[in-house]
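All remarks here apply to the structure that follows.
The values are calculated or read from the model by the stated rules, or taken from the named source; none is laboratory data. On a predicted model such as this, the values are computed, not experimentally measured, just so you know. Cβ placement follows ideal geometry from the backbone for every residue including glycine, while neighbour counts extend to all protein chains displayed.
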Amino acid sequence: MEKWEAVLTFIDFKRAVQESASPTLDLPVIHGITGPSYETVMDYLETLEHHAEWVSFDIETFGEEIVCSGLGYKTHEAICIPHSHSNVGRPYWPEKHEANIWKRIAEVLQKVPIIAQNAGFEWIYCWRHGIFPRTLFIDTMTLHHCLYPDFGGVEDIWRKTAAMKNPGHSLAFINSQYTRVPYYKDDRKIWAKKDLGGLSDQRLWNYNIKDVCVTAMAALQMMEEAKAARLWDYYNRRYIKPFPFATRAEWKGILIDVELRKKFLKEAKNVRETIKGEIKAEVGYELDVASPKKMAQFLYQDRKYRPRYHRKTHKLTTDKDTLIELMHEHNDVVLGKVISLKQIKDFISDVLRQPLTSDNRIHTHFKLGGTTGTRWSSGKSILGNGTNLQNVPTAKPRQDPGHDFLRRARALFLAD
């Protein structure tokens, strides 16, 4: 529970004292400008460009389209600019007005420092629409990770079953820490249901307004918390400074030799079947290496190896590190083949069968603070395709068809 000390001391106890001062529940009042006229939108964007120190920015999407954009320069006020009606894709504005609005949004995002939650999502979607935000001021998700690195990686969400161990860095959790805005994150799920008709638009706009304001409220408080903890400079150096490079790497992707990939896929299937046959010949049956239960039975009952337990869950484990450790400890050739087979299977699913973009590239989303601690992680791209490219299966030299194949298969990735 040590990890919760700062939350209890600096947030919960302080809030309890504040709440005890009054018998009434006084919730924050958020002023949201929804369903605005064209003139209201243009006037607000003019104000943002010339008078805002920062802009809190949040988009809502449906499929690959941006359906509305939320912007605000105060903690309790924001505007939601619709781009289409609900989730049916019908344009909200005449074409000329839509073009002018996007041009002004682009100018604001080029000039004013931006606050966002999971800013990489906004950046990538804006780039897809020809808009290029310039300066990231605060990403509340990564700043929260900087303040609470042992609360899990940035992709962890606030689940009831795991909240105490790894509450993560979602806006739902950040909202509960730093604001008194009641929980609202399920509103978007309700909006996505097509049977809501006209209610859907307003529900989404209100949701978007809350995201903008809650992000701003939390960001400014977390900034002061980071400064008090002497982490503000660290945050800018280790999270903000690498952000544009990580985003560009995701956007560009890695060029793949398509013909070589087809050749390797065919060879990989043959290698997979060869190794499966060798394992079956050794153990007397077809071992399901993808099943933790079957592998635990093989290791701890059939092989009678000393049981290994997961450090956190304290349950029997058959993970990669365990297999490698047991292979070396017992000089177990079969486990070497099991490791190779698992690597081949992963390489087929994660690389050789991954969809490519039209320019034959594979992408990955680099998560700053993607782990418990400071190490990055990677996964499927915000662009909608790609995979984890930080841990592409590789192999050390060994007399094994799987290892030989994986060493040669790295030629798929073309440096450009």
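Name every residue in the range 52-73 that is more than 17 Å from Cys126 (Cα to Cα) and either modelled with pLDDT under 95 or touching a Phe, Trp or Tyr at 6+ places or on another chain (Cβ under 6 Å) (or both), in order of residue number.
Ala52, Trp54
Kindly evaluate Asp156 against the criterion of being modelled with pLDDT under 95, under 19 Å from the mean Cα position of the chain (by Cα), among the acidic types (Asp, Glu) and buried (at least 17 other Cβ atoms within 10 Å of the Cβ).
In short, yes.
Quick check on the range 162-183: of everything there that is in contact with a helix residue (DSSP H, G or I) (Cβ under 6 Å, 6 or more places away or on another chain) and modelled with pLDDT of 90 or more, which residue is surrounded by the fewest Cβ atoms within 10 Å (Cβ to Cβ)?
For the range 162-183, the residue satisfying everything is Val181.
Please enumerate the residues belonging to the range 90-139 that are closer than 18 Å to Ala78 by Cβ and touching a Cys at 6+ places or on another chain (Cβ under 8 Å).
Leu109, Pro133
Regarding Arg128, is this residue out of contact with any strand residue (DSSP E or B) (no Cβ under 8 Å at 6 or more places or on another chain), basic (Lys, Arg) and closer than 16 Å to Ile382 by Cα?
Details: out of contact with any strand residue (DSSP E or B) (no Cβ under 8 Å at 6 or more places or on another chain): yes; basic (Lys, Arg): yes; closer than 16 Å to Ile382 by Cα: yes.
For Arg128, the condition - out of contact with any strand residue (DSSP E or B) (no Cβ under 8 Å at 6 or more places or on another chain), basic (Lys, Arg) and closer than 16 Å to Ile382 by Cα - is met.
Is one or more of the residues making up the range 91-100 of a type in the set (A, V, I, L, M) and surrounded by 13 or more Cβ atoms within 10 Å (Cβ to Cβ)?
There is no residue in the range 91-100 that is of a type in the set (A, V, I, L, M) and surrounded by 13 or more Cβ atoms within 10 Å (Cβ to Cβ).
Would you be able to say whether some residue in the range 241-252 is more than 23 Å from Gln390 (Cα to Cα) and under 34 Å from the mean Cα position of the chain (by Cα)?
Looking through the range 241-252, none of the residues is more than 23 Å from Gln390 (Cα to Cα) and under 34 Å from the mean Cα position of the chain (by Cα).
Of the conditions (1) acidic (Asp, Glu); (2) more than 28 Å from the chain's Cα centre (by Cα); (3) modelled with pLDDT of 95 or more, Glu19 satisfies every one except a single condition; which number is it?
(3)
Looking at Leu299, Leu323, Leu316, Leu352, which one is touching a Ser or Thr at 6+ places or on another chain (Cβ under 8 Å) and either more than 24 Å from Thr364 (Cβ to Cβ) or surrounded by 17 or more Cβ atoms within 10 Å (Cβ to Cβ) (or both)?
Leu299
For the range 276-291, indicate whether the set of residues that are closer than 17 Å to Asp332 by Cα, in contact with a strand residue (DSSP E or B) (Cβ under 8 Å, 6 or more places away or on another chain) and exposed (fewer than 14 other Cβ atoms within 10 Å of the Cβ) is non-empty.
No: zero hits.
Conditions first: (1) aliphatic (A, V, I, L, M); (2) part of a helix (DSSP H, G or I); (3) more than 30 Å from Asp150 (Cα to Cα). Leu287 passes all but one, so which condition is the exception?
(2)
State all residues of the range 228-262 that are touching a His at 6+ places or on another chain (Cβ under 6 Å) and part of a helix (DSSP H, G or I); if no residue qualifies, say none. Spell out how you get there, then give the answer.
Going through the range 228-262, the residues touching a His at 6+ places or on another chain (Cβ under 6 Å) turn out to be 250, 253.
Listed by number, the list holds a single entry, Glu250.
Of the residues that sit in the range 196-235 and are within 22 Å of Tyr148 (Cα to Cα) and of a type in the set (Lys, Arg), which one is surrounded by the fewest Cβ atoms within 10 Å (Cβ to Cβ)?
By that ranking, first place goes to Arg230.
Mind telling me which of the residues Lys337, Lys345 ends up being assigned to a helix (DSSP H, G or I), touching a residue at least 40 places away in the same chain (Cβ under 8 Å) and surrounded by fewer than 20 Cβ atoms within 10 Å (Cβ to Cβ)?
Numbers: Lys337 fails: surrounded by fewer than 20 Cβ atoms within 10 Å (Cβ to Cβ).
Of the residues listed, the single one that is assigned to a helix (DSSP H, G or I), touching a residue at least 40 places away in the same chain (Cβ under 8 Å) and surrounded by fewer than 20 Cβ atoms within 10 Å (Cβ to Cβ) is Lys345.
Considering (1) closer than 22 Å to Trp376 by Cα; (2) not assigned by TED's automatic domain parsing to the domain that holds Thr34, say which one Thr274 fails and leave the rest.
So the condition that Thr274 fails would be (1).
Looking at the range 184-208, which of the residues that are modelled with pLDDT of 70 or more and more than 22 Å from the chain's Cα centre (by Cα) is nearest to His85 (Cα to Cα)?
Asp201
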